[in-house]
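Read-outs throughout are calculated quantities, based only on the coordinates presented, and are distinct from any laboratory measurement. Since we're looking at a predicted model, the values are computed, not measured. So basically every Cβ, Gly included, is an ideal-geometry build from the backbone, and we count neighbours across all protein chains shown.
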Amino acid sequence: MKLELHPHARQTLADGLFAAGVEFPCGGESACGGCKVRVLDGEVPVTLAMRDALSEEEIRDGWRLACCALAEGRVVVEVEQWSLRVLTDEARVPIEPRAGRGAVIDLGTTTLVVQVVDLTNGEVLRVETALNPQARYGADVMSRLQYDLRQPGELGRVIRQALGRMLGSESLREVLVVGNTAMHHLFGGLNVEPLTHAPFVSPTLGGFRFAEEELAWPGPAEFLPCLGGFVGSDLLSGIVATRLDQQTRPHALFDIGTNGEVVVGSGQGIVCASTAAGPAFEGGRIGAGMRAGTGAIDNVHVRDGGLDCHVIGGGAARGVCGSGLVDAAACGIDLGLIRANGRLTNADKRLPLADGVALAQSDIRELQLAKGAMAAGLRMLTGEGVEKLYLAGAFGNYIRQASARAIGLLPEDLAVEPVGNSALRGARMLLLTPSTRKARLRKIVALSRHVELAADPDFQYLYAEMMALSRYRLSG
Amino acid sequence: MPDLDKLHQAVIEGDWKAAAAATQAAIAAGVAPLTIVTGCLVPAMDEVGRLFECEEYFVPEMLLSARAMKASMAIVRPLLAAAGTEPVGRVVIGTVKGDLHDIGKNLVASMLEGGGFEVIDLGADVAPERFIEAATTRNANLVALSALLTVTMPSMKTTVDAFQSAGLREKVKIMVGGAPVTQQYADAIGADGYSESAGGAVALARRLAVV
């Protein structure tokens, strides 16, 4: 998709694009290169920061950093790489019927999902999805926390207003909000400073309520409590959705994403941890990476000794999204084009996919970093005797399990069940069962223990070991 | 010297047992400890750095090579000390306060040690006072700071400033690195040098140590 912009003076391309609904992964630090956009037409001068973050070749090809690109006059940029699909959930759940309407909100780092629910029968009446407007202040939670230290409270106001608009004006009996610890702190206007440095322990992890007039929302809101570290109420409600707290044998809940999370446990006890995988699974930091939108290779198979790529929308391939990346790597291993240590075997160190889209050696390295972090987190917490692995989130929903096993992201010896947006479902389950909600939340918080993986010296070496693109088992 | 070829190979291949055995053999054959370092370990780790630069090697291979080099150094180090050999320079290295990331810093520490430096590794989450104390008591001429989070980068500035206020800024050279760190940032906080890679850090340290 091309987008035509007419930026005002002193407005960056990032501002212009954001107004057009395109999310921004860079916090304006001009260092990460994450907000790379390709200028197809129009003059966008190259700054020093761009020279730092981009190669000569990229600059020649029209790539710029949106966060520091100042332009005058008409500019046409390529934005397909940042479109995305949002996963909602409408599974039937138990209900204690009561009058009126309520809502649940999955406040994600990248995306927002609001569901308005009929409390009499549990039906989902309306679903609203949007990009988190905080994304223009930074894609990852760290850059947003840093922004909040500089401009306290601003990101909280931004998100409360955006969610209020999504809720509409019809009166709501109550609204339950779930999100990770950073989202929780920013929403509530809590002090984020403890979350910006080791040991990442905040004293304000509890749930909190806002009366409707405080937020100017159509009903009172409750943000559910965090479990520890960066593991927030999105995972807490994932535990509710998968009934981890009611299982007699241990089960695992695995949320693969930029900030990956692992939860393992049963009614006897639950351990949880977060692991920073980086944006590779969302197509970030991958040369030809893009989100799962039109033109993305989302699926790769081996056919007649070559790679057969499926492209979303059926047209020419323009890039590769997370599920396509995992598939491509698995096929590459299968065909002997990628070794277990990640090295591409052909002379030009590229793995051509389709229509000129190819993976470079550095892309495989990014994948190794991301999958290594996730698999190491899973191995640290998961021993023998775990019955099943629930795979949460959008990526878990679209990924091909056989490929995830072949590259060593998922273990060989564990049954895997994708559970979709378990955060949203768990929140809806809690909304619809008000009589037991408090006791259940209290029980899960009491059962759960958060582990800081990076504090364990063994983790670093396990992480390096798990970067190998080869199958692994949790037992033996 | 066939023994040193074996050692060179063992370091490149990341085989620490072979590296230890080859080092023992070389010493038994009468090779001088300093020759093992400068004639073998330094070029071997340079080669490992080069392989990383050209994307042949990645973090796991680097860690294995570093471990092999360390296995050799563990044998050679006491002999060097006994002979009173001076290192190329003394480096105090650590990940700055608030940051727990260890791998990048460990790789740079290994590369520096393989490059003939005496390395005092303070680990991760290191407060400015600890850098100052170590640099003073160990008489270091270089301090290397690592940070992997944008939110912990300010700890680099705090550390550089602490050296300034302690009146030690002229006595040590400070180098910085880590994924979010840039040359621009290094200049802004008044560090003496920045390197994008572990291999580059050795060259930088050599340059800074000479001045």
Candidates B:Ser165, B:Ser72, B:Ser155: whichever shows maximal mean-square fluctuation once chain B is modelled as a Gaussian network with Cα springs under 10 Å: B:Ser165
Positive dipole terminus of the stretch B:5-97, leading residue within B:Ala68, B:Pro43, B:Cys54 (C-beta point charges): B:Ala68
Inter-centroid distance (Cα atoms) of the stretch A:100-159 relative to the stretch A:213-251, Å: 14 Å
Cβ-based net charge around A:Val116, under 9 Å, with every Lys or Arg adding one and every Asp or Glu removing one: -1
Phi to ³J(HN,Hα) by Karplus 6.51 cos²θ - 1.76 cosθ + 1.60 over the stretch B:32-45, Hz, x for Gly, Pro: 5, x, 5, 5, 4, 6, 6, x, 9, 5, 4, x, 5, 5
Residues with amide H under 5 Å from that of A:Val117, placed H, sequence gap 5 or more: A:Gly102, A:Ala103, A:Val104, A:Leu125
Per-bin percent of Cα-Cα distances, the stretch A:217-261 [5 Å]: 5, 18, 23, 23, 15, 9, 6, 1, 1
The stretch A:340-411 - Kirkwood radius from inverse mean 1/r over Cα pairs (Å): 14.2 Å
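Can you tell me the dipole magnitude for the stretch B:90-210 around its Cα centre, using point charges on the Cβ only (Lys, Arg +1; Asp, Glu -1), in Debye to the nearest 20? Don't skip to the answer; put the middle values down first.
Working: 11 positive and 13 negative charges, 52 e Å.
It comes to approximately 260 debye.
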Base-10 log of normalised Debye intensity for the stretch B:90-210 (one unit scatterer per alpha-carbon) at q = 0.10, 0.11, 0.12, 0.16 Å⁻¹: -0.23, -0.28, -0.33, -0.62
For chain B, size of Cβ-based charge dipole, Lys and Arg +1, Asp and Glu -1, in debye: 540 debye
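Taking neighbour counts of Cβ atoms within 10 Å as a proxy for exposure, in what order, fewest first, do A:Val264, A:Val93 appear? All intermediate terms of the calculation are to be shown ahead of the outcome.
Values: A:Val264 23, A:Val93 18.
The order, fewest Cβ neighbours first, is A:Val93, A:Val264.
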Sorted largest first, extent of the stretch A:152-205 alpha carbons per principal axis (Å): 43, 21, 12
For B:Ala124, residues with placed amide H under 5 Å, excluding near neighbours: B:Thr95
Principal axes of chain B: Cα extent on each, largest first, Å: 51, 38, 27
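So which GluC sites (Glu not before Pro) in the stretch A:290-395 pass both tests, a DSSP loop state and at most 12 other Cβ atoms within 10 Å of the Cβ? Working shown, then result.
On the way: sites: A:Glu366, A:Glu384, A:Glu387; in loops: A:Glu384, A:Glu387.
When the GluC sites (Glu not before Pro) of the stretch A:290-395 are filtered for loop state and at most 12 Cβ neighbours within 10 Å, A:Glu384 remain.
Let me know the shape class of the stretch A:69-201, please: from the alpha-carbon gyration tensor, a ≥ b ≥ c as square roots of the eigenvalues, rounded when a/c is under 1.5, otherwise prolate if a/b is greater than b/c, or oblate. Don't skip to the end; give the middle numbers.
Values: a/c = 2.25, a/b = 1.43, b/c = 1.57.
It is oblate, given that a/c is not under 1.5 and a/b is not larger than b/c.
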For A:Leu462, net neighbour charge (Lys/Arg +1, Asp/Glu -1) across residues whose Cβ lies under 14 Å away: -2
Cα gyration tensor, the stretch B:33-80 - rounded (a/c under 1.5), prolate or oblate: oblate
All Cα pairs of the protein assembly as shown, percent lying beyond 35 Å: 47 percent
Percent of C-alpha pairs per 5 Å bin, the stretch B:115-179, short to long: 4, 16, 33, 25, 16, 6, 0
Karplus 3J(HN,Hα) series, Hz, for the stretch A:455-461 with 6.51 cos²θ - 1.76 cosθ + 1.60 (x for Gly, Pro): 6, 8, x, 5, 4, 4, 7
Among A:Thr258, A:Asn299, A:Ala392 - extreme Cα towards positive end, dipole of chain A, charges at beta-carbon: A:Ala392
Cα gyration tensor of the stretch A:282-424 - equivalent ellipsoid semi-axes, whole Å, descending: 25, 18, 13
Computed magnitude of the charge dipole of the protein assembly as shown (debye, nearest 20; Cβ of K, R +1, Cβ of D, E -1): 1040 debye
Rounded to whole Hz, the Karplus (6.51, -1.76, 1.60) HN-Hα couplings of the stretch A:182-192, x for glycine and proline: 5, 5, 4, 5, 5, 4, x, x, 7, 5, 8
DSSP-defined antiparallel bridges as percent of all bridges, the protein assembly as shown, nearest 5: 55 percent
Amide H contacts of B:Gly89 (H built 1.01 Å from N, under 5 Å, at least 5 apart or other chain): B:Glu118
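Write down the Å³ per residue value for the convex hull defined by the alpha carbon atoms of the stretch B:2-82.
Numbers: hull volume 5.9 nm³, N = 81.
Considering the Cα atoms of the stretch B:2-82, their hull volume per residue is 72 Å³.
Decide, for the stretch A:370-460, between rounded, prolate and oblate: order the square roots of the alpha carbon gyration tensor eigenvalues as a ≥ b ≥ c, take rounded if a/c falls under 1.5, and otherwise choose prolate if a/b is larger than b/c, else oblate. The partial results should precede the final answer.
Details: a/c = 2.36, a/b = 1.42, b/c = 1.66.
The shape class here is oblate.
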